[in-house]
Every structure is written in structure tokens, then in C-alpha cells.
Amino acid sequence: MANCPICGEQDRSARLSAIVRSGTATTTGHGTTQTSGTAAIPAPTSFLGPSAHHATVDSVSHHSFHATHTTRLAEQLQFPYVRPPSQAAPTIGLLALFLPILVTVEPALVWIGAFLLFFAWLWSVTDLPSGVVILLFLFAVGFSVLILGFLLSLPVDSESVEVLLTALLCVACAASGAALVVSGRREQRHYVQVVRPAQERAWTVWSRLHYCFRDDALFDPATGAVGSVRALPALLAQGGQGLLPPR
């Protein structure tokens, strides 16, 4: 513990890491649910007609649970960790770049592959449940089949329409794939050169910060800087320098 610069005491101060650790609890467990009921089970037909007998049916289901509980103060004092950028986007971009090659095998494979890659990308960048993404994928495929069937039914050369649409799709796949690869690599480079070094410096400051429960204030014993809980991001960005005591 360290002396608070405001009250000069250390009996009510603690490191942020200790407060976050003590204010976070994880609960896990397993359970079993058993249900009983009566079901009518058909019996072989006799000369008196179909018959049935009743039997007791028991079912047992096993389940597990995992929950994390965090106090309000521990949540406010947590280290603002920034996750590394996902590799899903550039990987999907590379696959999209090679997707037009499937035209030499079967043009329909380009359409199926494009839909799969698009919804895989959608799944990777959103919080949508997998069931919702699958339903959207099936809806998009069905809608596209209807549109394609309508275009092929027009009084034009159907083969020319199919070739034109497939060519446009190949161009779109190549363009979007290149964009995903370039943006993904740019984001990765920015994380390595800017975000990660800044996080390492911020972690050094956060590891030594203390919180005084009496004055509801953060302080850095190494620099003497003091700030409110809401000033934590600024305190980390400034390296524990230049903050005034909370009013």
C-alpha cells in the first residue's frame, strides 16, 4: 500500500489490480434435471382392434453454467485492454481473391463460394448468433436464385446473361478480397506499431496505480498524480503525469 496524496493515509488504499481481482468472481457448476411422465405406447393390433398401454417415461438432462460477476468499482478500474485485430477478414480476402479461379471448374461454384465468404465475414465482424447468420445465408441464396431465374426468363440470350453476371461477381470478389487484405494488413500494422506499444506503457502505469476508498481517487505513487476514477484513461495516456486532485 501507499500513502494517499489527499488524506496522507494508507489504511484505505489498495492497488487497482487487487481491487479488480477481489471484485471479480467466476461461478461455474453442473446440474442435472430429471423429469417424469406417462406416455401411451401403441401395442400390436389384436382381433379386438388397436390397443395401447401406458408407461412411465423418465428423462434426464445435464447442463453446465459459467458466470462472471464484477462489482461496479472493479469494472471501472479494469485495464482498458484492446484486443489484437482479427485475422478473419484478411483470410477471407485471400480466399475471395482466388475465388474467380473456380470459373474454370464450374461457374455456379463462384456464386456459392461468394455467399459463403460474405456471410463468414459477416459472422466474424458482428455479434450475430450463428443461427441468424445461417438463416440470412439461406434467404440470400433463395432470393438470388429467384432473381437469376427471372433474368434468365427474359427474352434475351440466357447464356450471355449468365456469363455477364458471373463476370461481374468475379470482379466484385477480386475487388472486395483485395480491399479486405489491404485493410487487414494495415490494421495489423497499426496495432503492432502504435496500439501495442501504447498498451505496454499504459500497463506499466496501471500496475502501480492505487485507489483510495476514503477520497474516491486514483493516485500514482511514482509521480504523485491524482485523479478521479473517470480520469483513468487520461492518467494512463499521460503516463501518470499532470492530473489534478478531484474536486
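The values are calculated or read from the model by the stated rules, or taken from the named source; none is laboratory data. Please read these numbers as outputs of a predicted model, since none were measured by experiment. All Cβ positions, glycine included, derive from the backbone under ideal geometry; neighbour counts span all protein chains shown. These area figures cover heavy atoms from the full protein model, side chains too; ligands, DNA and RNA do not enter into them. Shrake-Rupley method; radii C 1.70, N 1.55, O 1.52, S 1.80 Å.
Listing for the model above:
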{"read-out": "Accessible surface ranking that places the most exposed of Asp220, Asp11 first, with a 1.4 angstrom probe", "value": "Asp11, Asp220"}
{"read-out": "Around Val192: net Lys/Arg minus Asp/Glu count, Cβ-Cβ under 15 Å", "value": "+4"}
{"read-out": "Net length gained if the chain between Leu94 and Ala237 were fully extended (0.36 nm per residue, minus Cα distance)", "value": "47.9 nm"}
{"read-out": "Length gained when the stretch Arg12-Thr223 is fully extended (0.36 nm per residue, less Cα-Cα span)", "value": "74.0 nm"}
{"read-out": "Residue-wise HN-Hα coupling along the stretch 10-17, computed from phi with Karplus coefficients 6.51, -1.76, 1.60 (Hz; x: Gly, Pro)", "value": "10, 6, 10, 10, 7, 5, 4, 4"}
